[in-house]
Amino acid sequence: MSTPTRIYIARLAGVAVFDPNGDQVGRIRDAVARLRPTQRPPEVVGLVAEMPMRRRIFLSINRITSIDAEAVVLGSGTLNLRRFEKRPNELLVLQELLDRRVRLDPGGQAGSVVDVAMERSRGGEWSLARVAVREQTGRLTRRGHLHEVEWERVGGLSGAGDSRGTANLLSVLEDMRPADLANALQDLPDARRNEVAAALDDERLADVLSELPERDQVEILAALDRQRAADVLEEMDPDDAADLLSELPPPEQDVLLDLMQPDEADPVRQLLKYTPGTAGSVMTSEPVILPPDATVAEALARIREPQLSPAIAAQVFVSRAPMTTPTGRYLGMVHFQRLLREPPADLLGGIVVNDIDPLRPTTPLPEITRRMATYDLVAMPVIDRNNRLVGAVTVDDVLDHLLPRDWRDRDAAGRSSAAETTLDDADE
């Protein structure tokens, strides 16, 4: 596979990284350039790749066999798995340059960076040679001309950036899973992270917040105006919204809950009442609930809804009306595998399973873990003293609370020891 002599770095974002055997080992997230004391363009010294478990590592440009918009191929199966940390004289191209406000020389035309190209010299050295800049027109309905010019002709690329837009960076990040986007946000300076988060739509931001450490969740939420913050909380699952609100002072909780729609705020208020470390505090109050006279076909259609997580969609809980928590009398549940084996016209009441005792809101987390492991369940019902279904605890809820509190924190992950390790050793 040949490597072109000019590569646009924004097009590398998300490109798969392969070892010499053709096995994928990660994806590209950025390029690292070393600043020079002269006016010469920065030298590209490597790429940043995201590996499994969200670890970002440095790939030296000298260890890469080929680079293009389809794949990056390594020349060796041995990688340094130490978490990447930028040095003072280095530049993260996408993170620091995309959307930066600059001026074109001569004339001083204002614009913003939409991409940066690196070029390879005859001696094999890569440098940031050209910059794609879109003019600022001052008119919302008109896009400015796009210029591709030499690095030296663009003013404002070095030093601290002025206020920047987010459109181009968002276009690079838009295809990431929420967990990966949350990981990327942790690499941004706080002000830049808040700008990017604020530019996401409510649903996307809600998904990303759920994947961030509590400290970052609180800081991003605090940077939003209160009505926007309440709108985002409405898009979150009630248990995730309750976890986030529990990190805020009670007066601030009350303000945000009052700004939310009552039907969205009520289940969150209820979850906040439960004692931490119990089924009530970790459960979701919106599992899939159907009446006993619903058919198998209706249940299958319900669990196929794309917004449901795999753990929630793995079973249907059956109860008497009403169908919102707290429901009428809880009758049992039906796993999706059982639904697949039954005739579509059969009623759920005839195949419901109720031979496993439900959890109570006060059941402690160790007992929940033991019972889910004993019965190989991915979710368990939670009922109150009146035998009404009030929610369900899923395996991801349990894992989230069993892992260390800072397990999503990139800085905490970076404190783990790492050494020069082969990919085979890493897989072990």
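The values are calculated or read from the model by the stated rules, or taken from the named source; none is laboratory data. These numbers come from a predicted model, not from an experiment. As a convention, Cβ positions derive from the backbone with ideal geometry for all residues, glycine included, and neighbour counts pool all protein chains shown. All accessible areas refer to the heavy atoms of the entire protein, side chains included, with ligands and DNA or RNA removed. Shrake-Rupley method; radii C 1.70, N 1.55, O 1.52, S 1.80 Å.
Restricting the search to segment 372-395, which residues are more than 30 Å from the chain's Cα centre (by Cα) and not hydroxyl-bearing (Ser, Thr, Tyr)?
Step one: filter segment 372-395 for residues more than 30 Å from the chain's Cα centre (by Cα), giving 374-375, 383-389.
Residues satisfying the conditions are Ile383, Asp384, Arg385, Asn386, Asn387, Arg388, Leu389.
What tally of residues in segment 61-96 results from selecting those that are part of a loop (DSSP other than H, G, I, E, B) and within 27 Å of Pro189 (Cα to Cα)? Before the answer, list the steps.
Narrowing segment 61-96 to residues part of a loop (DSSP other than H, G, I, E, B): 68-71, 75-77, 81-89.
Filter once more, keeping what is within 27 Å of Pro189 (Cα to Cα): 81-89.
Residues meeting the conditions: 9.
Among the residues of segment 83-90, is there at least one that is open to solvent by less than 60 Å² (accessible area, probe 1.4 Å) and in contact with a Ser or Thr (Cβ under 9 Å, 6 or more places away or on another chain)? Even if it seems obvious, please write down each step before you answer.
Taking segment 83-90 as the starting set, the residues that turn out to be open to solvent by less than 60 Å² (accessible area, probe 1.4 Å) are 83-84, 90.
Going one step further and asking which of them are in contact with a Ser or Thr (Cβ under 9 Å, 6 or more places away or on another chain), we end up with 83.
The answer is yes; a qualifying residue exists.
One residue is enough: does segment 63-78 have a residue meeting the conditions hydroxyl-bearing (Ser, Thr, Tyr), modelled with pLDDT of 90 or more and either within 30 Å of the chain's Cα centre (by Cα) or open to solvent by 10 Å² or more (accessible area, probe 1.4 Å) (or both)? Spell out how you get there, then give the answer.
Of segment 63-78, the ones hydroxyl-bearing (Ser, Thr, Tyr) are 65-66, 76, 78.
Keeping just the survivors that are modelled with pLDDT of 90 or more gives 65-66.
When the remaining residues are screened for being either within 30 Å of the chain's Cα centre (by Cα) or open to solvent by 10 Å² or more (accessible area, probe 1.4 Å) (or both), the result is 65-66.
Scanning segment 63-78 turns up at least one residue that is hydroxyl-bearing (Ser, Thr, Tyr), modelled with pLDDT of 90 or more and either within 30 Å of the chain's Cα centre (by Cα) or open to solvent by 10 Å² or more (accessible area, probe 1.4 Å) (or both).
So which residues in segment 355-377 are free of Cβ contacts under 8 Å to residues at least 24 places away in the same chain, among the hydrophobic types (A, V, I, L, M, F, W, C) and assigned to a helix (DSSP H, G or I), if there are any at all?
If the condition is that a residue be free of Cβ contacts under 8 Å to residues at least 24 places away in the same chain, among the hydrophobic types (A, V, I, L, M, F, W, C) and assigned to a helix (DSSP H, G or I), then Ala373 is the only one that fits.
Please count how many residues of segment 329-387 are farther than 19 Å from Thr275 by Cβ and of a type in the set (D, E, K, R).
Count: 8.
Please determine whether any residue of segment 383-396 is part of a helix (DSSP H, G or I) and within 27 Å of Arg269 (Cβ to Cβ). Full working, then the answer.
Within segment 383-396, the subset part of a helix (DSSP H, G or I) is 395-396.
Next, from what is left, pick out any that are within 27 Å of Arg269 (Cβ to Cβ): 395-396.
Yes, segment 383-396 contains a residue that is part of a helix (DSSP H, G or I) and within 27 Å of Arg269 (Cβ to Cβ).
Take segment 1-60 and flag every residue that is in a helix (DSSP H, G or I), at pLDDT 90 or above and surrounded by 16 or more Cβ atoms within 10 Å (Cβ to Cβ). Give the derivation first.
Residues of segment 1-60 in a helix (DSSP H, G or I): 9-12, 52-54.
Subsequent filtering for residues that are at pLDDT 90 or above retains 9-12.
Residues satisfying the conditions are Ile9, Ala10, Leu12.
Against the conditions (1) in contact (Cβ under 8 Å) with a residue 60 or more places away in the chain; (2) under 30 Å from Arg341 (Cβ atoms), where does Tyr274 fall short? Just the number, please.
Against the list (1) in contact (Cβ under 8 Å) with a residue 60 or more places away in the chain; (2) under 30 Å from Arg341 (Cβ atoms), Tyr274 comes up short only on (2).
Those residues that are open to solvent by 10 Å² or more (accessible area, probe 1.4 Å), touching a helix residue (DSSP H, G or I) at 6+ places or on another chain (Cβ under 6 Å) and aliphatic (A, V, I, L, M), I need them from segment 272-289; list them, please.
Listed by number, the list holds a single entry, Leu272.
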